[in-house]
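**Q** Could you have a look at this structure, given as structure tokens, before my questions?
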């Protein structure tokens with residue numbers, strides 16, 4: 001399998017060239033274009049109950065698509081996330097990665113997706129109750145609205161909740177108000193995430209809620 | 001800079017930053033190896049050090065590789081800062097020295113050090129707020145030490161920095177304001193030209209004073225040096241320098257006003273600079289209509 | 001005429017430099033900025049010809065009812081074009097076979113290019129949710145198209161599948177049919193791919209990486225209700 005992310009960082013899309021017999025798994029509606037003789041099958045996202053959990057709790061789709069090359073030569077499928085922005089590929093070799101709901105795009109069959117409880121405060125912060133975890137061996141592609149920046153945290157750091165995309169599982173997350181009550185309401189910051197520990201986090205430089213907040217005053 | 005690399009308990013080096021970069025590129029050193037810079041107290045992963053290099057080359061994705069298109073100031077500037085993810089999703093990171101304050105557009109903070117304290121102020125006064133035009137500004141102060149803040153506007157697009165030095169004057173579209181130093185005067189009560197933006201709830205800010213000013217564009221940013229005459233659709237005007245004369249009119253006669261979709265334009269004359277954005281919000285607002293949830297009335 | 005497309009693929013703008021007397025036709029609302037001495041004429045039809053019927057047909061494709069014709073007077077001039085939604089732009093020089101353009105993707109073209117609306121028939125578009133009309137551009141000269149997402153070309157040599165929301169334009173030498181994405185209808189619907197466009201023959205399809213409908217659906221829940 002060969003893959004390349006093009007169009008980034010504004011409109012990143014993934015060109016995946018599957019060798020005969022290979023499969024790649026993509027979230028619902030991620031396909032932009034593909035060779036006509038590739039086999040496309042919708043399957044439950046990890047089995048019925050796991051899929052249900054991931055759909056209602058993790059913000060992912062109930063079904064995922066399995067693209068399999070049953071021909072005798074290489075075939076291409078082009079996958080993309082639903083929003084503009086950048087996409088990243090991560091090689092997993094047993095380690096785990098935590099993703100925000102909706103960040104997952106595609107993965108190779110050796111990668112497992114699970115959900116992790118994120119706490120009630122996370123729900124108040126408009127971010128959902130669960131986080132998605134990916135682990136196993138293989139490649140996972142994820143992305144978000146905006147550009148993606150990696151940050152090394154040593155100690156603690158504050159990230160606006162809608163701007164956090166991915167983090168290493170050893171990091172502890174806590175939700176708190178951005179400032180005092182007045183500031184948090186009128187300052188538009190609301191809830192923020194306090195990240196504690198040592199490890200990497202990935203930040204997105206725009207957010208869907210920020211975009212909506214920007215355009216909503218202009219809507220009649 | 002002299003850097004010692006530690007791997008598997010053994011110390012190697014010291015090496016220069018240049019040598020470390022070469023070793024990372026060739027795979028001799030790993031980004032996860034720990035490095036100690038002479039004079040610093042802490043050991044940091046080499047990826048931390050190599051991130052400060054202007055050209056780091058292809059790095060093996062660990063959680064992912066660094067984004068391109070970063071801008072760090074070379075001209076006059078008051079704060080240390082960088083603008084990343086240009087030109088589509090520009091993101092501003094500013095270093096605020098200990099006990100100093102930075103003014104930032106409300107809801108634009110994306111990341112910050114834990115010793116940053118936020119206070120909210122409302123600019124433009126209550127009447128402006130009630131009139132649907134408001135500019136909320138947060139003040140972030142670095143307490144007990146320097147602090148860092150990452151700023152992300154809500155709309156996608158580019159960002160620029162201007163350093164004002166006393167005599168300079170910049171007119172800025174209100175929703176384009178991102179951040180400024182404390183000595184920059186952001187005047188929102190300036191009446192100047194009412195109706196510049198044909199009722200979109202926008203108004204012109206007049207910025208003077210001393211220090212850094214950052215503003216963003218919705219869409220890509222085009223800087224146009226005006227020397228004579230130039231016409232710009234008003235919804236695409238982001239900022240312009242004080243010396244220019246400007247006149248708002250309709251394009252191509254009355255029929256064009258209603259039919260051509262261009263609406264109002266601003267004719268600039270004289271010498272100066274105009275910053276324009278390649279997209280305008282009302283078109284996006286119109287586009288969102290079918291996706292909006294229906295109200296339950 | 002010189003066309004320079006900047007800021008690809010995220011927020012493309014097209015800068016068109018015209019010699020005195022040269023003209024460019026663009027859809028209403030596309031102009032961002034222009035030289036002071038540029039003359040603008042607004043019509044519902046192609047410069048110097050046509051009828052309102054063409055305009056109404058354009059409306060159903062998702063384009064504006066009106067066209068603007070820009071001509072600099074007394075010297076060369078320039079005009080910048082942008083679009084409502086962010087994305088890429090591409091320039092294509094017509095010289096022989098025409099191209100079929102998805103509704104909403106047309107930005108501007110030289111007056112020597114002919115524009116026609118083609119109805120694709122019930123079978124092709126009824127369930128796809130996309131416009132039933134495509135714009136056919138033919139003749140000689142440059143055209144500027146826009147897309148939501150980055151534009152990438154696919155050289156079709158046999159068969160290729162493109163999700164219906166991802167087509168910008170294609171050479172009219174290609175045939176296409178709307179069909180289900182997977183082997184079964186169940187797969188296609190559950191997998192979210194729904195209907196796709198299967199192209200046959202030889203020619204180029206210009207695809208857009210992203211789908212405006214999916215983006216709108218992601219943003220929708222956050223928006224003010226209407």
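The values are calculated or read from the model by the stated rules, or taken from the named source; none is laboratory data. Just so we're clear, the structure is a prediction, and the values are computed from it rather than from any experiment. Cβ placement follows ideal geometry from the backbone for every residue including glycine, while neighbour counts extend to all protein chains displayed.
**Q** Give me the residue from region C:170-193 that is buried (at least 20 other Cβ atoms within 10 Å of the Cβ) and within 10 Å of chain A (Cβ to nearest Cβ) and, out of that set, modelled with the highest pLDDT.
**A** Taking the candidates together, the pick is C:181.
**Q** With the checklist (1) outside any helix (DSSP H, G or I); (2) at pLDDT below 80; (3) more than 8 Å from chain C (Cβ to nearest Cβ) in hand, flag the one item residue B:273 doesn't pass.
**A** It is condition (2) that residue B:273 fails.
**Q** Under the condition of being part of a loop (DSSP other than H, G, I, E, B) and surrounded by fewer than 22 Cβ atoms within 10 Å (Cβ to Cβ), which residue from region C:131-151 is modelled with the lowest pLDDT? Outline the logic, then answer.
**A** Step one: list which residues in region C:131-151 are part of a loop (DSSP other than H, G, I, E, B), which gives C:131-132, C:148-150.
The next check asks that each one be surrounded by fewer than 22 Cβ atoms within 10 Å (Cβ to Cβ); those that pass are C:131-132.
On the way: C:131: 53, C:132: 56.
Selected residue: C:131.
**Q** Sticking with this structure for a sec: For region C:204-225, give me each residue that is surrounded by fewer than 19 Cβ atoms within 10 Å (Cβ to Cβ) and part of a strand (DSSP E or B).
**A** C:204
**Q** How about region B:58-72: which of its residues are more than 11 Å from every other protein chain (Cβ to nearest Cβ), assigned to a loop (DSSP other than H, G, I, E, B) and either at pLDDT 80 or above or within 22 Å of residue A:98 (Cα to Cα) (or both)? Show your work before the answer.
**A** Within region B:58-72, the first condition is being more than 11 Å from every other protein chain (Cβ to nearest Cβ), and the residues that meet it are B:58, B:71-72.
Still in the running and assigned to a loop (DSSP other than H, G, I, E, B): B:58, B:72.
Matches in region B:58-72: B:72 only.
**Q** Restricting the search to region B:146-184, which residues are surrounded by fewer than 24 Cβ atoms within 10 Å (Cβ to Cβ) and at positive phi?
**A** Within region B:146-184, just B:166 meets the criteria.
**Q** Select from region B:88-106 the residues that are buried (at least 24 other Cβ atoms within 10 Å of the Cβ) and either more than 17 Å from residue A:157 (Cα to Cα) or within 7 Å of another protein chain (Cβ to nearest Cβ) (or both) and list them in ascending order.
**A** B:88, B:89, B:90, B:91, B:102, B:104, B:105 - these are the residues of region B:88-106 that are buried (at least 24 other Cβ atoms within 10 Å of the Cβ) and either more than 17 Å from residue A:157 (Cα to Cα) or within 7 Å of another protein chain (Cβ to nearest Cβ) (or both).
**Q** Considering A:12, A:106, A:53, which residue is buried (at least 17 other Cβ atoms within 10 Å of the Cβ) and modelled with pLDDT under 90? Steps first, please.
**A** Working: A:12 fails: modelled with pLDDT under 90; A:106 fails: modelled with pLDDT under 90.
Criteria check complete, one pass: A:53.
**Q** Which residues, taken from region B:243-270, are more than 7 Å from chain C (Cβ to nearest Cβ), part of a loop (DSSP other than H, G, I, E, B) and modelled with pLDDT under 80?
**A** Passing the criteria: B:253, B:263.
**Q** With respect to residue A:67, is the statement that it is buried (at least 23 other Cβ atoms within 10 Å of the Cβ), closer than 29 Å to residue C:12 by Cβ and at pLDDT 90 or above true?
**A** Numbers: buried (at least 23 other Cβ atoms within 10 Å of the Cβ): yes; closer than 29 Å to residue C:12 by Cβ: no; at pLDDT 90 or above: yes.
Spelling it out, it is not the case that residue A:67 is buried (at least 23 other Cβ atoms within 10 Å of the Cβ), closer than 29 Å to residue C:12 by Cβ and at pLDDT 90 or above.
**Q** Tell me yes or no: at least one residue of region A:167-174 is in a strand (DSSP E or B), modelled with pLDDT of 90 or more, facing chain B (nearest Cβ under 7 Å) and within 21 Å of the chain's Cα centre (by Cα). Lay out the reasoning, then the answer.
**A** First, the residues of region A:167-174 that are in a strand (DSSP E or B): A:167, A:172-174.
So of that shortlist, the ones also modelled with pLDDT of 90 or more come out as A:167.
After this cut, where a residue has to be facing chain B (nearest Cβ under 7 Å) as well, the list is none.
No, region A:167-174 contains no residue that is in a strand (DSSP E or B), modelled with pLDDT of 90 or more, facing chain B (nearest Cβ under 7 Å) and within 21 Å of the chain's Cα centre (by Cα).
**Q** When you scan region B:199-215, do you find a residue that is within 14 Å of chain C (Cβ to nearest Cβ) and at pLDDT 85 or above, even just one?
**A** Looking for residues that are within 14 Å of chain C (Cβ to nearest Cβ) and at pLDDT 85 or above, one finds none in region B:199-215, hence no.
**Q** Confirm whether residue B:87 is modelled with pLDDT of 75 or more, outside any strand (DSSP E or B) and either over 16 Å from the mean Cα position of the chain (by Cα) or not assigned by TED's automatic domain parsing to the domain that holds residue B:147 (or both).
**A** Details: modelled with pLDDT of 75 or more: yes; outside any strand (DSSP E or B): yes; either over 16 Å from the mean Cα position of the chain (by Cα) or not assigned by TED's automatic domain parsing to the domain that holds residue B:147 (or both): no.
Spelling it out, it is not the case that residue B:87 is modelled with pLDDT of 75 or more, outside any strand (DSSP E or B) and either over 16 Å from the mean Cα position of the chain (by Cα) or not assigned by TED's automatic domain parsing to the domain that holds residue B:147 (or both).
**Q** Separate question: In this structure, does residue B:147 turn out to be at pLDDT 85 or above and out of contact with any helix residue (DSSP H, G or I) (no Cβ under 8 Å at 6 or more places or on another chain)? Walk me through how you get there before you give the answer.
**A** On the way: at pLDDT 85 or above: yes; out of contact with any helix residue (DSSP H, G or I) (no Cβ under 8 Å at 6 or more places or on another chain): yes.
Yes: the conditions hold for residue B:147.
**Q** Another question about this same structure. Just give me the residues in region A:67-93 being out of contact with any helix residue (DSSP H, G or I) (no Cβ under 9 Å at 6 or more places or on another chain) and either more than 14 Å from chain B (Cβ to nearest Cβ) or assigned to a loop (DSSP other than H, G, I, E, B) (or both), in sequence order.
**A** Across region A:67-93, the qualifying residues are A:67, A:68, A:69, A:70, A:71, A:72, A:73, A:74, A:75, A:76, A:77, A:79.
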